[in-house]
Amino acid sequence: MPPQTLSAADHVTIQPSVLYFGTPVVLLTTLSEDESANISPLSSAWALGDHVVLGLSPAGQGAVNLRREGGCGGCVLNFPSADLWPKVEKIARSTGRRPVPDYKARIGYEYVADKFGLGGFTEIPSETVRPPRIAECPIQFEARVNAMHGDGTSAHLIVEARVTRIHAHREIVVPGTHHIDTARWSPLFYVFRHYFGLGPDLGRNFRAEC
């Protein structure tokens, strides 16, 4: 069957409530003022070279921690695999802020002091930053904040950070290399507030190294 030819008549104009068109889930770990570890689930993150850009709510505990610590304490971007989505969803309604910010309270968020315990995650030490890593996440980026855009009154906090160390589970690394085995790594994606894993490999870009 020949490919279908589409025209303008085949498209409609829509106004979705969110624009999460398909981004990887990141569990951002930071340190709160009492030195306890906080986990902030994010769905707005992208990388450029050895830098990452994050988008998060300015009223959440993760943002509060980043503003207080700046580049000194750093943070960790933990990337869960697709099979971890039930653990991610367990902490999705929780917040480390007390009292719970009004807008979060209105949509059902609750204060939780120990998100690691709630989600069934395990803390392991980082090497270049103070917040811990999440052992269950197959890839972890330790990073230090370079710049932040927005404050507590802004709709979003945009964070630029430089990756200082990368950790990966042994079974998803091509032996003898520094490359991720894409046949064995299945990241968790957030698509219009639904969780997805990877589909079949469709092919490689000309710059792919393995």
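The values are calculated or read from the model by the stated rules, or taken from the named source; none is laboratory data. Keep in mind the model is a prediction, meaning the values are calculated, not measured. No Cβ is skipped: glycine too gets one built from the backbone with ideal geometry, and neighbour counts run over all protein chains shown. SASA here: full protein model, heavy atoms, side chains in, ligands and nucleic acids out. Shrake-Rupley method; radii C 1.70, N 1.55, O 1.52, S 1.80 Å.
When +1 charges are put on Lys and Arg Cβ atoms and -1 charges on Asp and Glu Cβ atoms, the dipole computed for the range 105-170 relative to its Cα centre reaches about 180 debye. Given springs between every Cα pair under 10 Å in a Gaussian network model of the chain, which of ARG67, ARG98, ARG133 has the largest fluctuation? Maximum fluctuation in the GNM of the chain, among the listed residues, is at ARG98. Note that the range 104-210, at 20 °C in a medium of 1.002 mPa s, gets a Stokes-Einstein diffusion coefficient of 123 µm²/s from its Kirkwood radius over C-alpha pairs.
Work the Kirkwood hydrodynamic radius out for the range 4-83: mean of 1/r over every pair of different alpha-carbon atoms, inverted, in Å.
Details: mean 1/r = 0.0660 Å⁻¹.
Hydrodynamic radius (Kirkwood, Cα only) of the range 4-83 equals 15.2 Å.
As a length-normalised measure over Cα pairs under 8 Å and 6 or more apart, the relative contact order of the chain settles at 24 percent.
Calculate I(q)/I(0) for the range 48-162 by the Debye formula, one identical point scatterer on each C-alpha and no solvent, and give its log10 at q = 0.14, 0.20, 0.22, 0.24 Å⁻¹ to two decimals. Result of the Debye calculation: -0.62, -1.28, -1.45, -1.51. For Rg/Rh (Cα atoms, Kirkwood Rh), the value calculated from this model appears in (i) 0.98; (ii) 1.05; (iii) 1.00 under label (iii). The alpha carbon convex hull volume per residue for the range 98-153 rounds to 142 Å³.
Please identify the longest segment of the chain free of exposed chymotrypsin sites (Phe, Trp or Tyr not before Pro), where exposed means a DSSP state other than H, G, I, E or B and no more than 16 other Cβ atoms within 10 Å. If you can, show how the numbers build up before the last one.
Values: sites that count: TYR20, PHE21, PHE192, PHE206.
The answer is 22-191.
Reported to the nearest whole Å, the Cα centre-to-centre distance from the range 1-59 to the range 146-163 is 15. When the solvent-accessible area of the chain is split by element, carbon and sulfur atoms take up 55 percent of it, the probe being 1.4 Å.
Taking amide H atoms as placed 1.01 Å from N in the peptide plane, the amide H of TYR111 lies under 5 Å from those of THR95, each 5 or more residues away in sequence or on another chain.
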